[in-house]
Amino acid sequence: MGYALFLGVLKCFYPLVSKESLEGLRYIYENGSVNPDQMYILNGKPLLYFIHVFMTEAAGYGFMAVFALTVSAKVGNVFVLLSTPVLFYYGWITFCDVAYLPGIFRWYWIMTNGGVIRMTIGEPTRSLLGILGYFGGLDILLGLVFYWMIRRESHG
């Protein structure tokens, strides 16, 4: 909602994509590779690009919220609870770099730019559905862990 409001107000005064950015994107397209979502900008559909980017980020942030909920089953200190998603984010980046994990385990990369899912599935709508399914599966997994932890606490 915040992104939509921001873009709505911004569009009243400025173009969504500046001429310089569009020329730079065309240059990258001609000389290299462009993210499949960025093709929406080149085709004159910048709103679809922003919708895809914002939905990808929202799915990742939803995963972080479910992680905080899962941790809340064991952690009683509010400050520690609020800092666990940040610690988990940076700790997971470090763990993936040290352990040389493949791209599918790097959810932070998928959250920011689509990562391995967007690179594997070239079509933007299908890749967005793949990203939403990926984070939905992680949310379900953490939800089951949360349920198991709460149920175990209630049964002693």
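Assorted remarks:
- Residue count, region 115-156 (criterion: over 15 Å from Ala58 (Cβ atoms), under 18 Å from the mean Cα position of the chain (by Cα) and aliphatic (A, V, I, L, M)): 7
- Failed condition for Ala73, given (1) open to solvent by less than 40 Å² (accessible area, probe 1.4 Å); (2) within 24 Å of Phe6 (Cβ to Cβ); (3) of a type outside the set (Val, Ile, Thr): (2)
- Test: residue in region 118-133 that is open to solvent by 30 Å² or more (accessible area, probe 1.4 Å), among the hydrophobic types (A, V, I, L, M, F, W, C) and modelled with pLDDT of 90 or more: yes
- In region 92-105 there is at least one residue that is surrounded by fewer than 11 Cβ atoms within 10 Å (Cβ to Cβ), within 26 Å of Ile140 (Cβ to Cβ) and more than 19 Å from the chain's Cα centre (by Cα).
- Count of residues meeting criterion [in contact (Cβ under 8 Å) with a residue 60 or more places away in the chain, of a type in the set (Val, Ile, Thr) and either in contact with a strand residue (DSSP E or B) (Cβ under 7 Å, 6 or more places away or on another chain) or more than 30 Å from Gly8 (Cα to Cα) (or both)] in region 50-104: 1
The values are calculated or read from the model by the stated rules, or taken from the named source; none is laboratory data. A quick note: this is a predicted structure, and the numbers were derived from the prediction, not measured. Here the Cβ is made from the backbone with ideal geometry for all residues, glycine too, and neighbour counts use every protein chain on show. Surface accessibility is based on the protein's heavy atoms, side chains included, excluding ligands, DNA and RNA. Shrake-Rupley method; radii C 1.70, N 1.55, O 1.52, S 1.80 Å.
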